[in-house]
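The values are calculated or read from the model by the stated rules, or taken from the named source; none is laboratory data. The structure displayed is predicted, hence computed values, not measured ones. When we count neighbours, we look across all protein chains shown, and the Cβ atoms used for this are built from the backbone with ideal geometry, even at glycine.
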Number of protein chains: 6
Amino acid sequence: MRPSGRTPDQLRDVTLEVNVNKHAEGSCLVKFGDTQVLCTASVEDSIPPWLRNSGKGWVTAEYGMLPRSTGSRVAREAARGKQSGRTQEIQRLIGRSLRAVVDLKGFGERQIKVDCDVIQADGGTRTASITGAYVALHQAFTHMKSLGAISEIPFIDQVAAVSCGLYKETPVLDLDYDEDSAAEADANFVLTGRGGIVEVQGTAEADPFSRDQFNALLDLAEAGIQSLAAAQRRALGLEQ
Amino acid sequence: MRPSGRTPDQLRDVTLEVNVNKHAEGSCLVKFGDTQVLCTASVEDSIPPWLRNSGKGWVTAEYGMLPRSTGSRVAREAARGKQSGRTQEIQRLIGRSLRAVVDLKGFGERQIKVDCDVIQADGGTRTASITGAYVALHQAFTHMKSLGAISEIPFIDQVAAVSCGLYKETPVLDLDYDEDSAAEADANFVLTGRGGIVEVQGTAEADPFSRDQFNALLDLAEAGIQSLAAAQRRALGLEQ
Amino acid sequence: MRPSGRTPDQLRDVTLEVNVNKHAEGSCLVKFGDTQVLCTASVEDSIPPWLRNSGKGWVTAEYGMLPRSTGSRVAREAARGKQSGRTQEIQRLIGRSLRAVVDLKGFGERQIKVDCDVIQADGGTRTASITGAYVALHQAFTHMKSLGAISEIPFIDQVAAVSCGLYKETPVLDLDYDEDSAAEADANFVLTGRGGIVEVQGTAEADPFSRDQFNALLDLAEAGIQSLAAAQRRALGLEQ
Amino acid sequence: MRPSGRTPDQLRDVTLEVNVNKHAEGSCLVKFGDTQVLCTASVEDSIPPWLRNSGKGWVTAEYGMLPRSTGSRVAREAARGKQSGRTQEIQRLIGRSLRAVVDLKGFGERQIKVDCDVIQADGGTRTASITGAYVALHQAFTHMKSLGAISEIPFIDQVAAVSCGLYKETPVLDLDYDEDSAAEADANFVLTGRGGIVEVQGTAEADPFSRDQFNALLDLAEAGIQSLAAAQRRALGLEQ
Amino acid sequence: MRPSGRTPDQLRDVTLEVNVNKHAEGSCLVKFGDTQVLCTASVEDSIPPWLRNSGKGWVTAEYGMLPRSTGSRVAREAARGKQSGRTQEIQRLIGRSLRAVVDLKGFGERQIKVDCDVIQADGGTRTASITGAYVALHQAFTHMKSLGAISEIPFIDQVAAVSCGLYKETPVLDLDYDEDSAAEADANFVLTGRGGIVEVQGTAEADPFSRDQFNALLDLAEAGIQSLAAAQRRALGLEQ
Amino acid sequence: MRPSGRTPDQLRDVTLEVNVNKHAEGSCLVKFGDTQVLCTASVEDSIPPWLRNSGKGWVTAEYGMLPRSTGSRVAREAARGKQSGRTQEIQRLIGRSLRAVVDLKGFGERQIKVDCDVIQADGGTRTASITGAYVALHQAFTHMKSLGAISEIPFIDQVAAVSCGLYKETPVLDLDYDEDSAAEADANFVLTGRGGIVEVQGTAEADPFSRDQFNALLDLAEAGIQSLAAAQRRALGLEQ
């Protein structure tokens, strides 16, 4: 039924490759099928003015798409002179998702900027970004710990994200571009490793959807996130 | 328990005043307690290029806050030279919400721009905007019908929105600013008059929330939207 | 002779409503007929760098029009990414007019920003803005005095403004939109309560006008300003 | 009494040099003492969209200051990414002043752009700009006539401008920078060769000024404009 | 003597991997050692207005660096709202270099945009970009030919680029970052496969350099370009 | 053979007029034939943050063209809201060229901004700018020395620039606009008074050029720069 031949509850092939950038304190190239996002985490000593002398650090994110990451080339945001509303929405979402599982008091008055740049897009770039950003940020914390800058990795929990949608009236997990552009509804779920909800965003593309349909999407997401969280732990060498 | 003395399932006083602008084809001043948003609907004959010769029209929205609508003055976006990510997120949400209940083939190749300008803010400006924007847009359609430009009001359903949140661990309806800034989680629900879900946006502000908690918020929202939809019908003279 | 039926020396109905915003230190909704401008005065503790350690404060103004305040919707300046030349001209004029009657040494090193936002336009928005801005600023000073931040209201005089023009070759007071768009000449006068001239801006729209004509406009303005200044005092409770 | 030793009713040395640019259809280097402005008039075949098929042309102006035209270097507007409010105010004024004396139906559907670039500033740049812009525009019309593009020079009248001010309580003509920065009031007058008023802009810098004082400034201006208009005619070879 | 242990006339390891993007008509991931640039060529049917009905196409380039491609994170140009002067210089150079070897009449009125995005930087990003951009553009032409859109690959010659510099007074080929930041002079050479000079840019970083030194750099470049051109042909399958 | 009748190795008439601006610490109006550039040097006490407490100063340059300096009017960069890539390229080149011959430790922690504004363009504006900028900067240093701010003029050498090109296959010196727009290749050379190379930029406009051709251009430049350097010394009164 799905264009890719996947079953409704099947993720695409997911890989999370670490240490892909020689400069960044943490980095991860995440692939959800043909969607590829390069995530780097950069540790900076300055923090936003409102946090000075608070004993807290900050984590923020930026998102971008390479012009030909998409089927038709999209204009370069740097050339257009501003970031689109969609870009800003996504980068704010990534930042909130990461901060939800970080103890901001646990790494000093530093700012970590996580850049998520889409190398190739095939649907689900924001959920892949969050999933990879967690890994890059973890790497950066590990780097800081190895230098003695922090004594503990200040994560409270894991965080990962996945999209679900109604495709030909069937709830399916991890929409690719073909499904996404034809879906009746789609929802992005950001959940923690322990299953808590960090962020839910559901949108009806055509007709409104029902509460039962929404619950079916959330069921799929809960299972999908478990697989993604396990993949994150494997990528980080925290389990086999 | 609530700062305002409301019960957990109680909306603020809601008023929807129509015909508040002598120029606009449709207008509505919506108040959710001390939150006041002026919504105007402007009918234009031009449409976006990608819809030319499609037989379809378009509905879009813009959102803004007056500089001193808030407790501390916020810099004027026109002076800063760009709209914030938050502004863009909200205006995109309003536009999607309206389009979800409009038959875009039902009013010719025209574009209707709905402006939602926050005169005074006390929490819930985006949900008040959606609720008022529906009324302003309905007025504009009525105006077009009275001129013979359309024969039917091209609404498929009503749409309204409300926020809910966990305040001191209790699910409450229609957060005001004092609650919103202290809430553990908050969610915005955009539902149709018949109860379909158009958009759900839930965010954990501190700890992640559980699925049960999320369901409690949705229960509150479903009831609240019924009240708001009735208020819309009364404002439009569609029922007593 | 005038579209509104007014006599040449007759103002529109003018109302000045105070305390219309729960957040601002001072606020005033001014109406000159169908022209409605919301004025808020916001007191801030920071001042422009060039005034630091001068013992002086600063008063500045910003002006904006809601997109559908006008007959045809105008593009939102925040979306276009810049303020028009007209907007900047007007807000500079409002700021100069207020500073002309304020003792800048009389309220400490603070900055007061007066926002004038046009809710509905029907001609004369800049003169209504100045007239209302004075009231909002007075309210803010009263608020500061009530808190003990200042001991005297640091106004040297009142200030108000009105437009006059040559309409069908007759000098008339307080042009509305219908008159303004057909006038041969128009002039904006900013005068103090005691009759001093703060600012004069006269422009020939078609043929140049004569010195006699200009004097007739100034005669009208002097009388009009007296009425406006009395209305300001009543709004502020300074006289019955 | 004046820093320059001039009498109150004395202009600075004024020169208007034509044909100073090999490319422009009309050009004039105007000097009011040490204030130097290069004015060029460029004829273009395209007109603003709202004038198409109207049979009318358009005249517009742009104004700029070289970064070190002033005592302290001012930041380049091109580098800052926007024109200041002051720049926009001045260029709008120049454009209106020129259009007031041009028959827009007299040169076809063309647009003439007059650029006024301040090479060196010493007060009165806007009035020098208007005075020189008239000459440059006249040259451009003469050029068009010589090519047979028009049969008559479509000027209805001459236009020139001068500033006056209250300096140490004395009304003086044509303020230089030293006077301008110390003046209690200053006013810019744009008058036609026949004495009609095109534009009046008077501003109190410190205390408000009286109607009598304003009249004294206008008396000075009327005489000054006669001298400037004669200098324009000489520069154009229209009289000895 | 070189930090990398290379001989003065030794290139870094160069790889040119084609077909690295599923969407682009042509793509190449070029690596000069640790410098990695993703080049994609996008064929569009629209051309710049000045080429309409000329029978000619156009090739242009854009360049960008991912924020953490560098040792310290650089601010995202899309977030800053403009491209730096350096970025514009480089993308103009890439475009000119490609156009120098393309027959613009050979592929119809189409525009090809080549995006060069630096994934990781270690010196020489502009020369790597040009070298990879040629390959991506060749792939795009091959794609067009396979579709029958063109009958011949419209390249007149190959083009590649390399930097040379004076490092510790010795002329060396293909500077990496460590050398580049310490070099007394550096020069970028864009040469064709047949050895013609397309572009030369030499800059003294400290003291001026002599003509003899410049000639030594050009000698190195000529040899280096031969190696790069061979690598391009191998990557394109044009030789073993 | 050349449109101007010059021999291949002949410069245009070059004049360098100093002290042309009453405000600037140094100024020079440079003319290469009909190309006229006004160069001013402004000394400022602030330096870029990265140089604080370094004991070094900084020299930077900005470049602009008046809108009608060219044959067809070009849009004002301040009005378009950004500087073109070409403008940025040129001003970066001017700055580098000047810094190559200045001892940055020789004038304290000050910044000197050299503005090069093209009054009239006829080819070679960037080379004229560099040649004139050196003179303006020298004047500024002389001014500082006369005030006792520095004890020595901190120039290590002179710097001047000239363009050469292949015009109808002949190498020619100092291209004017007619030649520049028809040249097969052109190169800009920035050399010191002692003949060292500061910057070389050669570009093939049509076919690539050969190394022999490039050498012929450099031969012309070396002779031309000697003449320009002598003209600079005469303008500065350093030789007759």
query = Quick check: is even one residue across segment A:189-198 in contact with a helix residue (DSSP H, G or I) (Cβ under 6 Å, 6 or more places away or on another chain) and small (Gly, Ala, Ser)?
reply = yes
query = Cβ-Cβ below 7 Å, separation at least six or inter-chain, first residue in segment E:111-125 and of a type in the set (Lys, Arg), second in a strand (DSSP E or B): which pairs?
reply = E:LYS113/E:SER42; E:LYS113/E:GLU44; E:LYS113/E:THR60; E:LYS113/E:GLU62
remark   = Of (1) surrounded by 23 or more Cβ atoms within 10 Å (Cβ to Cβ); (2) in contact (Cβ under 8 Å) with a residue 60 or more places away in the chain, B:GLY71 satisfies every one except (1)
ask   = What are the residues in segment C:121-139 that are within 11 Å of chain B (Cβ to nearest Cβ) and buried (at least 23 other Cβ atoms within 10 Å of the Cβ), if any?
value = C:ASP122, C:ALA136
query = Which pairs have Cβ atoms under 7 Å, sit 6 or more apart or on different chains, and link a residue in segment E:17-37 that is at negative phi to one that is surrounded by fewer than 24 Cβ atoms within 10 Å (Cβ to Cβ) and of a type in the set (Lys, Arg)?
reply = E:PHE32/E:ARG12; E:ASP34/A:LYS22
Condition met for B:SER227 (modelled with pLDDT under 95 and hydroxyl-bearing (Ser, Thr, Tyr)) = no
request  = Evaluate the following for B:LEU191: is it crowded, with 20+ Cβ neighbours inside 10 Å, closer than 17 Å to B:THR125 by Cα and either of a type in the set (Asp, Glu) or touching a residue at least 24 places away in the same chain (Cβ under 8 Å) (or both)?
outcome  = yes
query = Does B:GLY202 satisfy the condition of being facing chain A (nearest Cβ under 8 Å), part of a strand (DSSP E or B) and at negative phi?
reply = yes
inquiry  = Please count how many residues of segment D:4-37 are within 18 Å of D:GLN91 (Cβ to Cβ), of a type in the set (A, V, I, L, M, F, W, C) and out of contact with any Lys or Arg (no Cβ under 9 Å at 6 or more places or on another chain).
reply    = 2
inquiry  = Can you go through B:LEU191, B:LEU238, B:LEU228 and tell me which one is under 30 Å from B:ALA140 (Cα atoms) and part of a strand (DSSP E or B)?
reply    = B:LEU191
inquiry  = Consider segment F:53-79. How many of its residues are away from chain E (no Cβ under 13 Å) and under 22 Å from F:ASP103 (Cβ atoms)?
reply    = 7
task = Restrict the check to segment F:28-37 and report whether at least one residue is farther than 23 Å from F:GLY193 by Cβ, within 15 Å of the chain's Cα centre (by Cα) and away from chain E (no Cβ under 14 Å).
result = yes
note = When segment D:95-104 is checked residue by residue, the ones that are assigned to a helix (DSSP H, G or I) and at the interface with another protein chain (Cβ under 7 Å from one of its Cβ atoms) are D:ARG96
Residue match in segment D:169-185 (condition: within 13 Å of chain C (Cβ to nearest Cβ), without any contact (Cβ under 8 Å) to a residue 60 or more places away in the chain and crowded, with 23+ Cβ neighbours inside 10 Å) = yes
query = Which of the residues belonging to segment B:187-199 are more than 7 Å from chain A (Cβ to nearest Cβ) and within 21 Å of B:ALA230 (Cβ to Cβ)?
reply = B:ASN188, B:PHE189, B:VAL190, B:LEU191, B:GLY193, B:ARG194, B:GLY195
task = Can you work out which of the residues in segment A:1-56 that are among the polar types (S, T, N, Q) and under 30 Å from A:GLU109 (Cβ atoms) is surrounded by the fewest Cβ atoms within 10 Å (Cβ to Cβ)?
result = A:ASN53
task = Could you pull out the residue among B:GLY165, B:GLY148 that is out of contact with any helix residue (DSSP H, G or I) (no Cβ under 6 Å at 6 or more places or on another chain) and either within 28 Å of B:GLN83 (Cβ to Cβ) or in a strand (DSSP E or B) (or both)?
result = B:GLY165
task = Considering every residue within segment D:75-93, establish whether at least one is part of a helix (DSSP H, G or I), farther than 30 Å from F:SER27 by Cα and polar (S, T, N, Q).
result = no
query = Does D:VAL59 qualify as being over 19 Å from F:ALA121 (Cβ atoms) and not in a loop (DSSP other than H, G, I, E, B)?
reply = yes
query = Mind checking which pairs have a first residue in segment E:80-94 that is more than 9 Å from chain F (Cβ to nearest Cβ) and under 11 Å from E:ARG126 (Cβ atoms) and a second that is assigned to a helix (DSSP H, G or I) and at pLDDT 95 or above, Cβ under 6 Å, 6 or more apart or different chains?
reply = E:ILE90/E:ARG126; E:ILE94/E:SER129; E:ILE94/E:ILE130; E:ILE94/E:ALA133
remark   = Within segment F:51-70, the residues that are modelled with pLDDT under 95 and in contact with a Phe, Trp or Tyr (Cβ under 9 Å, 6 or more places away or on another chain) are F:LEU51
